[in-house]
1. With the contact rule set at Cα under 8 Å and sequence spacing of 6 or more, what percent relative contact order holds for the stretch B:1-80?
2. Quote the relative contact order of the stretch B:1-138 in percent (integer), defining contacts as alpha-carbon pairs under 8 Å separated by 6+ residues.
3. Over the whole of A:166-174, what's the average partner chain Cβ count within 10 Å per residue? Rounded to a whole number, please.
4. I need the calculated FRET efficiency for the pair B:Q107 and A:D109, taking r as the beta carbon distance and R₀ as 41 Å, to the nearest 0.05.
5. How high is the FRET efficiency from B:E40 to B:K169, r the C-beta distance, R0 35 Å, rounded to 0.05?
6. Can you give the average number of partner chain beta-carbon atoms within 10 Å of each beta-carbon in peptide A:105-114, as a whole number?
7. For peptide A:153-159, compute the average count of partner chain beta-carbon atoms within 10 Å of each residue's beta-carbon.
8. Which FRET efficiency value, to the nearest 0.05, is calculated for B:H144 and A:L140 with the Förster distance at 35 angstrom and r the Cβ-Cβ distance?
Amino acid sequence: MKKQSKQPGGKIILSLFLTFLKIGAFTFGGGYAMIALLENELVAKKGWIDREEFLNVAAIAESTPGPMAINSATYVGYRLGGFFGALASTLAVSLPSFVIIYLISLFFDRFLSLTYVGYAFRGIQAGVIYLIFSAAVKMLKTVEKKPLSVLLFLLPALALTVLTLFAVDFSSVYYILICGAVGLMAQGVRAAAKKAKKEEQP
Amino acid sequence: MILLSLFLTFLKIGAVSFGGGYGMISLIREEVLSHGWLAEDEFLNFIAVSESTPGPLAVNMATFIGSSQAGILGSAVATLGVILPSFLIILLIAAILQNLLKYAGVQAFLGGVRPCVVGLIFGTAITMALSSFLGLATVNSPLHADLWGIAIFLLLLLFGAVYKKVKKKSLSPIVIILISAGLGVVFYGI
């Protein structure tokens with residue numbers, strides 16, 4: 001990682017803004033597709049950060065809540081240009097989405113009321129459900145094959161389906177917090193067991 | 001106070017959407033349906049548009065839903081809301097807590113959250129399929145099968161599997177959306 005200058009100049013901020021504007025405007029498919037583009041732009045072309053640091057950024061962006069594009073923009077922006085670098089990068093990466101989607105939203109209803117567009121979108125609705133299923137299947141492969149992880153996958157899936165069908169309100173926020181807490185407790189138990197074992201064998 | 005409601009809702013979504021992309025789909029769906037902002041079919045349309053345009057899914061969805069409820073101000077506050085938690089958390093990590101993710105406790109928490117997010121996406125996909133293909137939003141809804149929708153889903157499943165076998169990679173979301181649009185015109189148009 002290059003040293004962050006004490007007072008980042010306007011030049012680096014402008015450069016960050018333009019780079020992330022480009023990244024925001026050309027990344028289809030979100031998340032992982034973006035990582036490749038980011039690496040090309042930040043490591044290969046600009047040389048702003050080295051590969052190792054980039055992997056670190058990707059890991060942080062992935063483990064924190066929120067879209068990866070936003071997370072990496074904020075992080076890289078801060079490292080290179082302090083608070084205003086972070087602000088400029090984050091704004092820039094969101095701006096193209098915002099403008100494009102806002103313009104589409106103005107015409108979407110009228111577009112949808114065209115008969116054949118309506119038919120197309122009825123088909124697309126089935127396609128989107130397929131997309132979400134395949135995203136879930138792809139992510140399932142990254143879940144560790146440990147009993148606890150499998151349980152923390154199966155129970156929320158089942159509970160969410162059943163509770164929705166019976167119209168019981170239970171926010172996804174709670175599932176996430178409960179599963180996180182279970183992860184913490186499991187670690188506590190493992191640590192305690194390890195300690196007990198150590199004490200047994202002097 | 002639709003603006004405040006949009007802002008707070010998307011703030012919540014931004015703060016707990018782990019796993020990127022579809023990680024926030026279950027929460028967004030719950031929120032838009034329970035606020036009565038969108039119906040299931042409109043929500044699916046919005047996802048399709050968000051997937052077919054550049055940029056993160058969460059930002060696209062926030063802008064779209066915000067605009068549908070309260071025009072440009074609505075999209076601005078919803079987008080701001082969904083971005084703000086990321087921005088603050090990352091600033092915190094980059095500026096002060098560079099080792100935050102290395103703490104055993106944080107790793108253990110994330111270790112519990114990761115499989116959970118996948119489970120939530122699965123559960124959401126199942127409830128969407130039941131509601132969209134069979135009319136079963138809840139067990140009390142009258143059964144109303146959308147046979148063409150089911151046919152399109154099964155065709156995509158088949159096509160996706162064959163493509164993967166032959167080309168060794170998955171179909172891109174945009175190709176899937178285009179195929180299903182074509183099938184929709186053919187099936188529902190006749």
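Bear in mind these aren't lab numbers, they're just calculated from the coordinates by the rules spelled out. Fair warning: this is a prediction, and the values are worked out from it, not measured in the lab. Note that we place each Cβ from the backbone using ideal geometry, even for glycine, and neighbour counts take in every protein chain shown.
1. After rounding, I find 38 percent.
2. It rounds to 33 percent for the stretch B:1-138.
3. Rounded to a whole number, the mean comes out at 5.
4. 0.35
5. After rounding to 0.05, the efficiency reads 0.70.
6. For this peptide, the per-residue mean of nearby foreign Cβ atoms is 3.
7. Mean partner-chain Cβ count within 10 Å for A:153-159: 6.
8. FRET efficiency, B:H144 to A:L140: 0.70.
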